[in-house]
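Asks: If you scroll down you'll find the structure; I have some questions about it.
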Amino acid sequence: MYGLVNKAIQDMVCSRFGENTWQEIKQKAGIEVDFFMTMEAYPDEITHRLVKAASAVLNLSPQEVMQAFGEYWVQYTAWEGYGELMDMSGDNLPEFLENLDNLHARVGISFPQLQPPSFECADIEEESLKLRYHSTREGLAPMVIGLIKGLGKKFHTEVDISQTQSRDAGAEHDEFLVKYKPQ
Ligand code: HEM
């Protein structure tokens, strides 16, 4: 994945646990680069190794690390100059979720090797919807849960998200039931 993702993991760890903890995680992950370049595409394996090492050092499950990371990503991308793009993508949570593919299509203009996820909304009601998540990658569903929680904060909306179908359990795609209530 693009360096932006690995940098966001670094930023989350440094801001919450300090630089020394980050160095420990990087060393445990066997990563030798001094710093990640935002616009460079790195093998996915680097990101997976970072999550695994962070999980061991911080004594959290890999799923907890990915969920925390997803939540952090919403603020991080805004700080990194993508706030306007986020603001253009919807005025409330359901509208934003319907626009996720357009958002990544725009991101793809600056990141030509992007392999974006794809999201589909179904059964949209006033306070709930089903969110289908498609990806060329595996194991990122916990990150999606964190992302939706982060978006709930952005839109001052109470969110309850549960996974209703899982590729890990043989389903064709991951699916979530998202319940929301503006505060
Ligand atoms: C302006 C804000 C955003 C930017 C700049 C952005 C950019 C990116 C980038 C660079 C990647 C790595 C993919 C690659 O390197 O091939 C990625 C992946 C991903 N993004 Fe976004 N993204 C944004 C917002 C969001 C939001 C709000 C969601 C909420 C659901 C989201 C969901 C994901 C997921 C799940 C992945 C993992 C890739 C996969 O599933 O295969 N992104 N995004």
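What follows is calculated from the coordinates using simple rules that are stated; it is not laboratory data. As the structure is a computational prediction, the values presented were derived from the model and not from experiment. So basically every Cβ, Gly included, is an ideal-geometry build from the backbone, and we count neighbours across all protein chains shown.
Asks: With charges set only on the Cβ (+1 for Lys and Arg, -1 for Asp and Glu), what does the dipole of the chain come to about its Cα centre, in debye to the nearest 20?
Replies: Charge dipole of the chain: 500 debye, to the nearest 20.
Asks: Kindly provide the trypsin sites (Lys or Arg not before Pro) of the stretch 37-140 that DSSP labels as loop, not H, G, I, E or B, and whose Cβ sees at most 14 other Cβ atoms within 10 Å.
Replies: Passing sites in the stretch 37-140 are R137.
Asks: State the percent of C-alpha pairs, over all pairs in the stretch 1-99, separated by a distance greater than 22 angstrom.
Replies: Details: 1547 of 4851 pairs.
In whole percent, the long-distance tail amounts to 32.
Asks: Now a separate question. What percent of all Cα-Cα pairs in the stretch 76-182 falls into each 10 Å bin, going from 0 up to the bin containing the maximum distance?
Replies: Result, from short to long distances: 14, 48, 33, 6 percent.
Asks: Could you tell me which GluC sites (Glu not before Pro) in the stretch 1-88 are loop residues by DSSP with no more than 14 other beta carbons within 10 angstrom of their beta carbon?
Replies: E32, E40
Asks: Let me ask something else about it. Looking at L129, T21, L100, which one has the Cα that reaches farthest to the positive end of the dipole of the chain (charges on Cβ: Lys, Arg +1; Asp, Glu -1)?
Replies: T21
Asks: Over the stretch 3-60, calculate the relative contact order: mean separation of alpha carbon pairs under 8 Å at least 6 apart, over the residue count, as a percent.
Replies: Rounded, it is 45 percent for the stretch 3-60.
Asks: In whole Å, what three semi-axes, largest first, describe the equivalent ellipsoid of the chain built from its Cα gyration tensor (square root of 5 times each eigenvalue)?
Replies: Over the Cα atoms of the chain, the semi-axes work out to 27, 18, 16 Å.
Asks: If contacts are Cα pairs under 8 angstrom and at least 6 residues apart, what is the relative contact order of the chain in percent?
Replies: RCO, the chain: 19 percent.
Asks: A further question follows. Using only the Cα atoms of the stretch 54-137, what do you get for the radius of gyration and for Dmax, in Å?
Replies: Final numbers for Rg and Dmax: 14.7, 42 Å.
Asks: Turning to a different aspect of this structure: For the stretch 3-60, compute Rg over Rh where Rg is the Cα radius of gyration and Rh is the Kirkwood radius from the inverse mean 1/r over Cα pairs.
Replies: Reported Rg/Rh (Cα atoms, Kirkwood Rh): 0.92.
Asks: Another one. Of M86, L114, A54, which is farthest on the positive side of the dipole of the chain, counting Cα position, with +1 on Lys and Arg Cβ, -1 on Asp and Glu Cβ, and the Cα centre as origin?
Replies: A54
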